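Okay, so here's the structure we're looking at.
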Amino acid sequence: MTAALNPLDATSLLSSLGAFGVFLVLFAETGLLIGFFLPGDSLLFTAGLLCTTSATGKVHLSLPLVLLAAVAGALAGAQTGFWIGRRGGRPLLARSRNEHLRRGAARAEELLRSYGHGKAIVLARFIPVVRTVLNPMAGALDVPARVFTLWQAAGGLVWAVGVTLAGYALGSTIPGVDAYLLPIVAVIVVVSAVPVLLELRRNRRRPGGPS
């Protein structure tokens, strides 16, 4: 089972590691720069769906355990990323040759500058890659630890619990919905990003907004 594990596939991760896989992926994606490629959104949604009794696959997860693992991974990961950034500073991101990380770092800094600490930290939870790099970026930019902890906890709870329960609600409503998992996950990820993209677009149009 371990040999067949595909870290980029939510179903493979959940089949092999269960709720513990949710914790590991969210911790790595939000706390370690090497985790930027991991499928946090789709993993949470799929995990919620697989907690329903209507799921037709062989994997069935416990909703309380998944929620606990999701919240623990999201909060502990973000806090770890913050302290890595506080200790290592900008050189951690500057040394990276990965273009996805570089673009994510630029967007993270733009969010912090444009929206302030609280709103930026919450918004970043819903943007892939940005939610990986904003935490160390906040530490590098000397965002106060109490402020970061408060808002990352709020954003982490909304993201981890909200996306998981969205999957659970859909799976409970439509029997056998897991047979259409891939297109559903793709739609959910795109839809969840729309409000954030619209907000960024509005901000660019404001006088003095980032160019």
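The values are calculated or read from the model by the stated rules, or taken from the named source; none is laboratory data. Just so it is clear, the model here is predicted, and its values are computed rather than measured. Don't worry about glycine lacking a Cβ; one is built from the backbone with ideal geometry, like all the others, and counts go over all protein chains shown. Protein only, heavy atoms only, side chains kept; ligands, DNA and RNA dropped before computing areas. Shrake-Rupley method; radii C 1.70, N 1.55, O 1.52, S 1.80 Å.
Excluding ligands, DNA and RNA, what is the solvent-accessible area per residue of segment 16-174 at a probe of 1.4 Å, expressed in Å²? Walk me through the numbers on the way to the answer.
Numbers: 6810 Å² over 159 residues.
Averaged over the residues of segment 16-174, the accessible area is 43 Å².
Put simply, the amide H of Cys51, placed in the peptide plane, has neighbours under 5 Å in Leu61, leaving out anything fewer than 5 places away on its chain.
Each principal axis of segment 16-174 carries a Cα extent, and these read 47, 29, 21 Å when sorted largest first.
What's the carbon and sulfur percent of segment 16-174's accessible surface, probe 1.4 angstrom, rounded to a whole number? Walk me through the numbers on the way to the answer.
Numbers: 4540 of 6810 Å².
Carbon and sulfur together cover 67 percent of it.
What does the charge dipole of segment 16-174 about its Cα centre add up to, to the nearest 20 debye, if the Cβ of each Lys and Arg holds +1 and the Cβ of each Asp and Glu holds -1? Don't jump to the answer; show the numbers that get you there.
On the way: 14 positive and 6 negative charges, 84 e Å.
In debye, rounded to 20, segment 16-174 gives about 400.
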